[in-house]
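See below for the structure under consideration.
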Amino acid sequence: MGRGIAVAFAYAGHAVTMIDVKAGRSAEQFKKLASEALDEVGKTLGSLTRIGMLKEREADAIISRISVVPESGSTAALADADIVFEGVPEVVDLKREVLGAASKTVGPDVIIASTTSTILVDDLSGAIEHPDRFLNVHWLNPAYLIPLVEISPGKATDPGIVARVKALLEGIGKVPVVCAATPGFIVPRIQALAMNEAARMVEEGVASAEEIDKAIRYGFGFRYAVLGLLEFIDWGGGDILYYASRYLEGALGSDRYRAPEVIATNMRNGRIGLRTGAGFLDYSGLNVDEYREKRLEALVEMLRHFGLARPPVL
């Protein structure tokens, strides 16, 4: 993940230093590690060149902005940092040790961010000096390509720091979203449910892995690349989800399909979705026909991407 983040920032013109935080590594061991890290970055840039995102001279300029330093050089490297991203393994004590040490080295205004995908920010912030400048910034692999980055501030995080991180990420072409410090954040939490259900359907013999993945690519993923999940509920109507969920819960004998209370509450309050002017989102003052056409246009673009936009048979 750290190497992917390095590529994302270097691609956007920033100088990046990757720090080996493991103490006691010999010079020869560090040389091998640094070579492997830069080779991986080089391979990534090579792939981007071959698929047309870069020219070779541009790839050379990007990799020249990335350096790797040993633990013994961390103090000097951190002294020049504007923001520090921690990317060590998902072990609480290890992260607290690395983050705490970094917070003592950099100035009090330097932003410090973990990239953990599982640990809550408030389980780490106690190790950090000036925890008001600390938050979690969760990237999705591959970090240099996926636009979304989830920002999760802690109880002590200064809102101004959140704003600065959002601006920084937007400046390198990312799409940041802010979420509460909760297990799974947004994407991993939804993703875990979907992946487990897909695996369960293979287990139950509902369909082959190949057929399920085809259904996801051309149905599930196809639609949600254009319409957000909550927007899609509003598009069809929350009442449709409510009754479909009740049926699935009974037919499959599992409360994992039960609709949350917010669906029933929205129905009672007349917030059904597009057809009532409000659902999870507010559509008041919106030209609904124009909105629908724009979404349909985006779906047609997806058809073209998949090579499925065929002319009519006349």
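The values are calculated or read from the model by the stated rules, or taken from the named source; none is laboratory data. Because the structure is a prediction, the values reported are computed rather than measured. Cβ atoms come from the backbone with ideal geometry, glycine included; neighbour counts cover every protein chain shown.
Scanning for something without any contact (Cβ under 8 Å) to a residue 40 or more places away in the chain, among the charged types (D, E, K, R) and in contact with an Asp or Glu (Cβ under 6 Å, 6 or more places away or on another chain), does segment 125-133 turn up at least one residue?
There is at least one residue in segment 125-133 that is without any contact (Cβ under 8 Å) to a residue 40 or more places away in the chain, among the charged types (D, E, K, R) and in contact with an Asp or Glu (Cβ under 6 Å, 6 or more places away or on another chain).
Based on this model, can you work out whether Val91 counts as without any contact (Cβ under 8 Å) to a residue 24 or more places away in the chain, assigned by TED's automatic domain parsing to the domain that holds Val106 and under 22 Å from the mean Cα position of the chain (by Cα)?
yes
Could you tell me which residue of segment 256-314 is surrounded by the most Cβ atoms within 10 Å (Cβ to Cβ), considering only residues that are within 30 Å of Asn196 (Cβ to Cβ) and of a type in the set (Val, Ile, Thr)?
Result: Ile272.
In the list Phe222, Phe280, which residue meets the criterion of being in a loop (DSSP other than H, G, I, E, B), in contact (Cβ under 8 Å) with a residue 12 or more places away in the chain and assigned by TED's automatic domain parsing to the domain that holds Glu301?
Criteria check complete, one pass: Phe280.
Out of the residues in segment 61-91 that are at pLDDT 95 or above and in a helix (DSSP H, G or I), state the one that is surrounded by the fewest Cβ atoms within 10 Å (Cβ to Cβ).
Within segment 61-91, the match that is surrounded by the fewest Cβ atoms within 10 Å (Cβ to Cβ) is Ala61.
Out of segment 283-300, which residues are in contact (Cβ under 8 Å) with a residue 40 or more places away in the chain, out of contact with any Phe, Trp or Tyr (no Cβ under 9 Å at 6 or more places or on another chain) and among the charged types (D, E, K, R)?
Within segment 283-300, no residue meets the criteria.
Here are the criteria: (1) in a helix (DSSP H, G or I); (2) free of Cβ contacts under 8 Å to residues at least 60 places away in the same chain. Tell me which single one Thr44 does not satisfy.
It fails just one condition, (2).
Can you name the number of the only condition in (1) surrounded by fewer than 12 Cβ atoms within 10 Å (Cβ to Cβ); (2) outside any helix (DSSP H, G or I); (3) modelled with pLDDT of 95 or more that Thr157 fails?
Result: Thr157 passes all but (1).
Just give me the residues in segment 225-247 being surrounded by 15 or more Cβ atoms within 10 Å (Cβ to Cβ) and assigned to a helix (DSSP H, G or I), in sequence order.
Listed by number, the residues that qualify are Glu231, Phe232, Ile233, Asp234, Trp235, Gly236, Gly238, Asp239, Leu241, Tyr242, Ser245.
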